[in-house]
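The next block holds one structure in the form of structure tokens; read it before the comments.
The values are calculated or read from the model by the stated rules, or taken from the named source; none is laboratory data. Being a predicted model, the structure only gives us computed values, none of them experimental. Virtual Cβ from ideal backbone geometry, glycine too; neighbours counted across all protein chains shown. Calculation scope for accessible area: heavy atoms of the full protein, side chains included, ligands and nucleic acids excluded. Shrake-Rupley method; radii C 1.70, N 1.55, O 1.52, S 1.80 Å.
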Amino acid sequence: MEAVPARARVYIACVVTAALLCLLPQPGARTTWWAVVLLAALYAGCERVARSRFVGICHPAGTFYPVLLAGAFLLPASAAALVAVPGALLSQAGQRPVALRRVWRAAQLVLGVWAAAGTHRLLGGPDAVAAGDVPYALGPAGAAVLAFCLVLALLDGGILAVAERVPVRRAWRGLVARSLAPIAVHGLAGLMMAVLWRSPYGPVAALLVLLPMCVSWWAFAQYHRERAAHQATIRALVQAVDIKDGYTRGHSERVGQASMMIARELGMADERVEVLRFAGILHDVGKLGVPTRLLRKDGPLTPEERRVIELHPEYGHEMVRGIGFLGEARAAVLHHHERLDGSGYPYGLVGRQIPESARVVAVADAFDAMTSTRSYSRARPVAVALAELERCAGSQFDPVMVAALVEAVGRTGWHPAVTADDEETRPPRVPPPGAPLSSRPGAHR
């Protein structure tokens, strides 16, 4: 989000102010400043390495939580919070505005580490760490990890609700559940670092804990590289479709976006939301098997030509069925032209026989088709398109999916685009009289 809303800037300013207050030295606290400098340098250096091309991890979450949590177990709260600042301010932001994102990340980590260190100290954790009493130290460390996770989730949900107007009931949904397990593993590594740090072996032994973590980071990086290769393959397929059918350029990406909006409105898990985005993007990939002259034909289609075009879902399914990570997206590619009343294609499925993913993509596909200018129709206003979807809900579209799209568009808006490069020079194609597929919403090639 390059243009950050004013309300989001106010929210970030409040969080930064709270973080600055947490950095104020605590009266009577004894701080080992060389340990603060060493941990801060270690965290900053490791973050840079993790996001380098050699490792390839670009996930926005903190990769070296073990170092931050080790600081929370070893240092007073204000000093432990200071460990996160240099690494966060020097990290790669990925998107603009870079400075604001870095400051936000630093403030978020400061508050999380401060809460973890305070919780750990309140429960007597430092004494257990100093004594090397690992079983007893697990309780305070676990509570500190939970506090760290809760603070990060609270702040992440808040920025979603304020900056992107995500409903409050959904902004925090699943944040703690998704992050608690990996952060707990990092917390255990941080506890081992702290115990070894206080042992006769000293800080050098504590650094050895990071070696197995490096192996896991490397494996994580390979996973993301493989996923990036998959996404590059998807982009190539979509670009091929866009080049072949110029009238629908950008249509696939918009259907993916609309599918994602519907999935989020229905409260689906992030993994399913991503799969449905892929389903929307790839739903028309089978058009690569349809003759270009039919896709670009200005006049009415003959029944034979229409039957050829109606084969594109099966072509698309054949093309993507070997891509394992797509999951239920493959069913959406095959069935996105099915209709609840059984009049769709390719198999004439009825009602709940149609996979849920296909029912989502069908609504997203029809919505973008109606709000975009095609060779045979002008774009309709968004309100008119939504009203048409509601009119056909129950017979052609799943009413639940239609209601979810109406709610999502009403909250966030929709910005349709004219996808034909030369739409001013081509006359609109008149649909053939009595052709049922061209007289309904979403009736496009």
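Of note:
- Residue check, residue 288 more than 25 Å from residue 263 (Cβ to Cβ), under 29 Å from the mean Cα position of the chain (by Cα) and either open to solvent by 50 Å² or more (accessible area, probe 1.4 Å) or without any contact (Cβ under 8 Å) to a residue 24 or more places away in the chain (or both): yes
- Taken together, 349, 334, 295, 276 contain a single residue that is over 30 Å from residue 227 (Cβ atoms), in contact with a helix residue (DSSP H, G or I) (Cβ under 7 Å, 6 or more places away or on another chain), modelled with pLDDT of 90 or more and not β-branched (Val, Ile, Thr), which is 349.
- Every listed requirement among (1) among the charged types (D, E, K, R); (2) surrounded by 15 or more Cβ atoms within 10 Å (Cβ to Cβ); (3) free of Cβ contacts under 8 Å to residues at least 12 places away in the same chain is met by residue 265 save one, (3).
- Failed criterion for residue 315 (all others in (1) in contact (Cβ under 8 Å) with a residue 60 or more places away in the chain; (2) out of contact with any Asp or Glu (no Cβ under 9 Å at 6 or more places or on another chain); (3) hydroxyl-bearing (Ser, Thr, Tyr); (4) closer than 16 Å to residue 285 by Cβ hold): (1)
- Counting the residues of the range 355-383 that are without any contact (Cβ under 8 Å) to a residue 24 or more places away in the chain and in contact with a helix residue (DSSP H, G or I) (Cβ under 8 Å, 6 or more places away or on another chain) gives 1.
- Conditions (1) of a type outside the set (Ser, Thr, Tyr); (2) under 26 Å from residue 30 (Cβ atoms); (3) open to solvent by 70 Å² or more (accessible area, probe 1.4 Å); (4) without any contact (Cβ under 8 Å) to a residue 24 or more places away in the chain; number of the one not met by residue 172: (2)
- Of the residues examined, residue 393 is not one that is modelled with pLDDT of 80 or more, open to solvent by less than 70 Å² (accessible area, probe 1.4 Å) and within 21 Å of residue 252 (Cβ to Cβ).
- Taking every residue in the range 1-30 that is touching a residue at least 40 places away in the same chain (Cβ under 8 Å) and pairing it with any residue that is assigned to a helix (DSSP H, G or I) and hydroxyl-bearing (Ser, Thr, Tyr), at least 6 positions away or on another chain, the pairs with Cβ-Cβ distances below 9 Å are 22/78; 23/78; 24/78; 25/78; 26/78; 29/78.
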